[in-house]
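Engineer: What follows is a structure written as structure tokens; I'll ask about it next.
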Amino acid sequence: MVVIGGRRDQASRFRDKFHQHNCFGEDNKSGAQATSGPFAKPGFVYKVTKVHRVLGEGNFVLVVNEGIFDDKPSIFYDFYRVENAMIVEHWDVIEEIPPVDQWKNKNGKV
């Protein structure tokens, strides 16, 4: 796997004319996103540690991941549009996972 296996350098093999709908991201991933936003912080960490769900229908795929974003436990919702076996668009939501004692209900993971 590209993301969990630490092979992020291979991700461009799966994208074509890529459009990123993330305010910190960049179309076609030249690497410039590392110069601004959270990615530019010294010691910044983005790491996916677990895939919870992969749902696909037609040319859309939703992946629900868990990991570390900016040194905080986080959940990632990544929504992709695929065309001709390549990722052409990406939307995402990244949300910090609060400590268990701050959960509003028991619907979270335990």
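Engineer: Phe44 - would you say it is part of a loop (DSSP other than H, G, I, E, B) and either among the charged types (D, E, K, R) or surrounded by 13 or more Cβ atoms within 10 Å (Cβ to Cβ) (or both)?
Structural biologist: Values: part of a loop (DSSP other than H, G, I, E, B): yes; either among the charged types (D, E, K, R) or surrounded by 13 or more Cβ atoms within 10 Å (Cβ to Cβ) (or both): yes.
Considered against the rule, which asks whether it is part of a loop (DSSP other than H, G, I, E, B) and either among the charged types (D, E, K, R) or surrounded by 13 or more Cβ atoms within 10 Å (Cβ to Cβ) (or both), Phe44 comes out as yes.
Engineer: Can you pull out every residue in segment 55-72 that is under 13 Å from the mean Cα position of the chain (by Cα), part of a strand (DSSP E or B) and free of Cβ contacts under 8 Å to residues at least 60 places away in the same chain?
Structural biologist: Within segment 55-72, the subset under 13 Å from the mean Cα position of the chain (by Cα) is 61-70.
Subset that is part of a strand (DSSP E or B): 61-69.
Within segment 55-72, Val61, Leu62, Val63, Val64, Glu66, Gly67, Ile68, Phe69 meet the criteria.
Engineer: Considering only residues that are in contact (Cβ under 8 Å) with a residue 24 or more places away in the chain and open to solvent by 90 Å² or more (accessible area, probe 1.4 Å), which ones fall in segment 86-108? Walk me through it before giving the result.
Structural biologist: Taking segment 86-108 first, the residues in contact (Cβ under 8 Å) with a residue 24 or more places away in the chain are 86-92, 94, 96-97.
The one that is in contact (Cβ under 8 Å) with a residue 24 or more places away in the chain and open to solvent by 90 Å² or more (accessible area, probe 1.4 Å): Glu96.
The values are calculated or read from the model by the stated rules, or taken from the named source; none is laboratory data. Bear in mind the structure is a predicted one, so any value in this text is a computation, not a measurement. Cβ: placed from backbone, ideal geometry, glycine included. Neighbour counts: every protein chain shown. Accessible surface areas use protein heavy atoms only, side chains included; no ligands, DNA or RNA. Shrake-Rupley method; radii C 1.70, N 1.55, O 1.52, S 1.80 Å.
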